[in-house]
Structure formats: C-alpha cells, structure tokens
C-alpha cells in the first residue's frame, strides 16, 4: 500500500502545482454548490500554492502582503512551506530510508 503514495524524486517539483490546481478546482466547485460555504477558502489556498508557478498570482500575493500589517500571510506561507517539505520527505522517501525507520 505504501507504493501507491510514492513518487519518484524527479517528480517532486510537480507536487505543489498539482496540489494547488486540485485545491483551486475544489474551491470553484464549492463556490457553486450552495451547501458547502468554504469555497473561497479553498480558492485562496489554491491560488496561494500556485503563486510560485504563475506570475500573476505571485503579484496578487505580493500586493496582499504589502497590505497585511500583521504579517499573517507570511506566517501562513512559512507553515505551508514547512508542511510541503514534510509531505515531500514522506512521499519521496526511498525504500532504504523507509526500511531503516
């Protein structure tokens, strides 16, 4: 079962854009469905993850950061980067590393 969630190390660069696109699509679907009120949260989460890949999203993020006086966006950005690194280590882990744990 562990093999299902493993990806090759050279494919790790696709982890953030694919995750961001999926979350963005979920946000769009949840905004259309009236009984799920969290669509905008998923939408902003997807845009946040995609901001490293798409320049216009990066520009929007920088504009929001400049207006954020309490540095909340930077805190969220650090947490997302930390979690992405942790998830990447788990998913990309080799068989030898998994056996040694």
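The values are calculated or read from the model by the stated rules, or taken from the named source; none is laboratory data. Remember, it's a predicted structure, so these values are computed and weren't measured experimentally. Every residue, glycine as well, gets a Cβ built from its backbone with ideal geometry; the counts of neighbours run over all protein chains shown.
A few notes on this one:
- Scanning segment 37-86 for residues that are part of a loop (DSSP other than H, G, I, E, B) and within 19 Å of residue 22 (Cα to Cα) gives 37, 38, 51, 52, 53, 54.
- Of the residues making up segment 1-17, those that are surrounded by 13 or more Cβ atoms within 10 Å (Cβ to Cβ) and modelled with pLDDT of 80 or more are 15, 16, 17.
- Some residue of segment 66-76 being surrounded by 15 or more Cβ atoms within 10 Å (Cβ to Cβ), closer than 30 Å to residue 8 by Cα and modelled with pLDDT under 85: no
- Pairs with Cβ under 6 Å, 6+ apart, first in segment 17-43 and on the phi < 0 side of the Ramachandran plot, second part of a loop (DSSP other than H, G, I, E, B) and at pLDDT 85 or above: 17/53
- Set 38, 50, 28, 43: member being surrounded by 17 or more Cβ atoms within 10 Å (Cβ to Cβ) and more than 14 Å from residue 80 (Cα to Cα): 43
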